[in-house]
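Notes follow the structure.
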Amino acid sequence: MNARVTSVLALALVASALFLVNAQYQARRLFIELERAQAQKRQLEIEWEQLRVEQSRLGQPGRIETNAKRDLNMAAVTPARTQYLTLGAK
Amino acid sequence: MKRLASMSSGQRVAAAKGMPFSNSPVLTAKLSTGRSRFVLFVMFAALLALAGRAIWLQGLSKDFLQKQGESRYVRTLELPATRGKIMDRNGHVLASSLPVKAVWAIPEDVKDAPEAKLLELAKLLGMSKRELDKKLDSDKGFVYLKRQVENDVADAVVKLGIDGIQTRKEYKRYYPEGAAMAHVVGFTNVEDVGQESMELAHQKTLAGVAGNRRVIKDRLGHIVEDVRAIREPQDGKDLTLSLDSKIQHIAFTQLKEAMDAHKAKAAGIVVLDIKTGEVLALANLPTYNPNDRGALTGAQLRNRVLTDTFEPGSVMKPFTVALALERGFVKPETHIQTAPGKMTIGTATIGDSHAHGVLTVEQVIEKSSNIGTAKMALQMQPQEMWEMFTSVGFGQQPKIGFPGAVAGRVRPYASWRPIEQATMSYGHGISASLLQVAQSYMIFARNGDTVPLSFQKTSAKPIGQRVISEKTARAMRKMMEMAAGPGGTAPKAQVPGYRVAGKTGTAHKLAGGKYVNKYIASFVGFAPVSEPRLIIAVMVDEPSNGKHFGGDVAAPIFATVTANALRALNVAPDTTKTNIVIPAQGLKESI
């Protein structure tokens, strides 16, 4: 009787110890995964910043103006060649 | 000894046969008490030594040992804070910090590196082999080889695999707008600390606070767990400026063209939003590229609009006339005799460039008559004039939070002599920065009140401070529209489609306390007159291509900037004559 209780408890102890080892292992594995995801997030944030700077650089009014003049043959609008329409006028 | 040895050999067999230990004859052997005590003492001493050692390790040097242990697997990681971005009013990025690498070396360890690899390293870092050797020839344990290296270059350096060459993460500030915005945005140094302009003024809020975390790392360098709660870094706050990069571009390019055309030494322009007091554009020439500050000179760094003062000259006349109207000395149509174009006050003589004869007060502004203005000024108390100048901001430090903005100079009225009072009425003997001149015109462009300026985008309506009555402001607007019209001093300030008003200024420069034949041409104006939106002030320093009058040099810049800026802001034209503007030139379009 006594020996049976002891052996059951011993088995339970071994099992619990194994579960503990497994849990600890899982925790560390998940933690590393979390770390990796966070590093990726930071990397993506940096890329986002880089893209915003790039967008700003490409969107410089000066650059757009020269490109429009050179590549698209556009000219700046002046009031001299603008027709203004007044709403409701005859 | 002999007895003992023979006895033990005789007893060994018996002991194996199960004789109880207490009967062992060894115990009965008589030993000298001195020897047994000595052994006992030695054993006890050994026990004490062990206990002492245990107390020493467990108790006294516990902290030290734990620290030593931790230092072998616990690491503190620095979590750097990113410096805040600077943006224009439309969210266009003007300055942003991006991570780059610093390449550093432990010179001692690099000594054995193969020459070929070092040569390759020098090439990657964009320096000669001799420069690299010079840097490596050092007793220090740590030398920067190059800072702010782009990530791909740094990766290539790491790939070379030279012992003792390492990289470290740091930030580099990028300015996508470059030279056009340089004077307002400023720049940071290699440590990402603000050095000039807004970068300097808002260093505290832009910088942010670095955080850190303590972690346990395993043998492979993976982070295994956090030892304590992470101290999150607090990133710097973004700063939204009042500038509009479209208008800034317009102002900058027009100023540049004009400066080249007039072979000027320097030039400045500032555009203000009348309703909110925001600075929409501010440009100076010469300027610099904040991304490449290799050969920076003081002249390039100078933010002339804010830090250089000059005698405003005729742009001051409207204030004298406005004060005369306020005090009721004159009405806009009162006649003033300005013939013969010369006037002697005390020992000095002042004069107009042309003798105009009898002028109305309106025409005094239109034709910019010194005599007419001086005659009005001489009816006033110096204190009144001083108060007028001071209340619109002359001689006062502008409260705009911009490093280096100057106050200019208006001398205390108690020391004014009549001749000085007369010359000050048309802007001589006073100094002001271009920004102050622009701000002072708020009272005319708004209905008689002035508002504080702002370099940051604001949504709240500013609280105005009344200086002159609405009626006077209207009368002055009319006069200044005449000055910027066909009969005035600045017909070149006219803009097709919009009514504009303004005043020219041309002042001799002072050199060694004397006036010399070098000029500062200026123009301050606002548009559209029916409902003013923008104040634009232009200053050109030493135009030396034949023309030097404000009406010839500065007014055309005002006109083009006004036309383009109002179009960019979608302001409807307000000319009362017609809704259709006939083309001045034939259309030249390729379709």
Query raised in the report: Which condition breaks for B:Val315 when tested against (1) under 23 Å from B:Ile443 (Cα atoms); (2) surrounded by fewer than 20 Cβ atoms within 10 Å (Cβ to Cβ); (3) β-branched (Val, Ile, Thr)?
Result: (2)
Query raised in the report: Out of all the residues in the stretch A:36-90, which are among the hydroxyl-bearing types (Ser, Thr, Tyr) and part of a helix (DSSP H, G or I)?
Result: A:Ser56, A:Thr66
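Filter the strands (runs of 3 or more DSSP E) completely within the stretch B:273-371 down to those with at least 1 residues that are within 40 Å of the chain's Cα centre (by Cα).
Details: elements: B:279-285, B:335-337, B:342-345, B:348-351, B:358-360.
Output list reads B:279-285.
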Query raised in the report: Does the stretch B:84-100 hold any residues that are farther than 30 Å from B:Lys123 by Cα and within 13 Å of chain A (Cβ to nearest Cβ), and which are they?
Result: B:Gly84, B:Lys85, B:Ile86, B:Met87, B:Asp88, B:Asn90, B:Gly91, B:His92, B:Val93, B:Leu94
Report summary line: Residues in the stretch B:409-438 that are open to solvent by less than 30 Å² (accessible area, probe 1.4 Å) and either assigned to a loop (DSSP other than H, G, I, E, B) or within 30 Å of B:Leu200 (Cβ to Cβ) (or both) total 13
Query raised in the report: Within the stretch B:368-408, can you find the residues that are at pLDDT below 85 and open to solvent by 40 Å² or more (accessible area, probe 1.4 Å)?
Result: B:Lys399, B:Gly401, B:Pro403, B:Gly404
**Report entry** Sole residue being within 22 Å of B:Gln254 (Cα to Cα), open to solvent by 50 Å² or more (accessible area, probe 1.4 Å) and in contact (Cβ under 8 Å) with a residue 12 or more places away in the chain, chosen from B:Arg302, B:Arg327, B:Arg293
**Finding:** B:Arg302
Query - Residues within the stretch A:49-80 that are farther than 17 Å from B:Tyr174 by Cβ, of a type in the set (A, V, I, L, M) and either surrounded by 14 or more Cβ atoms within 10 Å (Cβ to Cβ) or facing chain B (nearest Cβ under 10 Å) (or both), tallied - result: 6
Query raised in the report: Failed condition for B:Ile345, given (1) farther than 27 Å from B:Asn447 by Cβ; (2) open to solvent by 30 Å² or more (accessible area, probe 1.4 Å), with all others met?
Result: (2)
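Okay, residues lined up against (1) at pLDDT below 85; (2) in contact with a Ser or Thr (Cβ under 8 Å, 6 or more places away or on another chain); (3) away from every other protein chain (no Cβ under 14 Å):
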residue: B:Met442; (1), (2), (3): no, yes, yes
residue: B:Gly448; (1), (2), (3): no, yes, yes
residue: B:Leu453; (1), (2), (3): no, no, yes
residue: B:Met476; (1), (2), (3): no, no, yes
residue: B:Met482; (1), (2), (3): no, no, yes
residue: B:Gly485; (1), (2), (3): yes, no, yes
residue: B:Pro496; (1), (2), (3): yes, yes, no
Report task. Taking the residues in the stretch B:531-551 that are touching a residue at least 12 places away in the same chain (Cβ under 8 Å) and out of contact with any strand residue (DSSP E or B) (no Cβ under 9 Å at 6 or more places or on another chain) as candidates, determine which candidate is most open to solvent (accessible area, probe 1.4 Å). Result -> B:Glu531
Requested in this report: Scan (1) within 14 Å of chain A (Cβ to nearest Cβ); (2) closer than 30 Å to B:Thr76 by Cβ; (3) modelled with pLDDT of 85 or more for the single condition B:Thr287 breaks and write down its number.
Outcome: (2)
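Here's the yes/no breakdown for (1) at pLDDT 90 or above; (2) within 14 Å of chain A (Cβ to nearest Cβ); (3) crowded, with 18+ Cβ neighbours inside 10 Å:
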| position | (1), (2), (3) |
| --- | --- |
| B:Ala49 | yes, no, no |
| B:Arg53 | yes, no, no |
| B:Ser61 | no, no, no |
| B:Gly69 | no, no, no |
| B:Arg75 | no, yes, no |
| B:Leu79 | no, yes, no |
| B:Thr82 | no, yes, yes |
| B:Ala102 | no, no, yes |
| B:Glu108 | no, no, no |
**Report entry** Flag for B:Gly91 being closer than 27 Å to B:Glu278 by Cβ, out of contact with any Asp or Glu (no Cβ under 9 Å at 6 or more places or on another chain) and surrounded by fewer than 15 Cβ atoms within 10 Å (Cβ to Cβ)
**Finding:** yes
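The values are calculated or read from the model by the stated rules, or taken from the named source; none is laboratory data. This structure is a prediction, so every number in the text was calculated from the model and none was measured. Cβ coordinates were reconstructed from backbone atoms using ideal geometry, including for glycine residues, and neighbour counts include every protein chain displayed. These area figures cover heavy atoms from the full protein model, side chains too; ligands, DNA and RNA do not enter into them. Shrake-Rupley method; radii C 1.70, N 1.55, O 1.52, S 1.80 Å.
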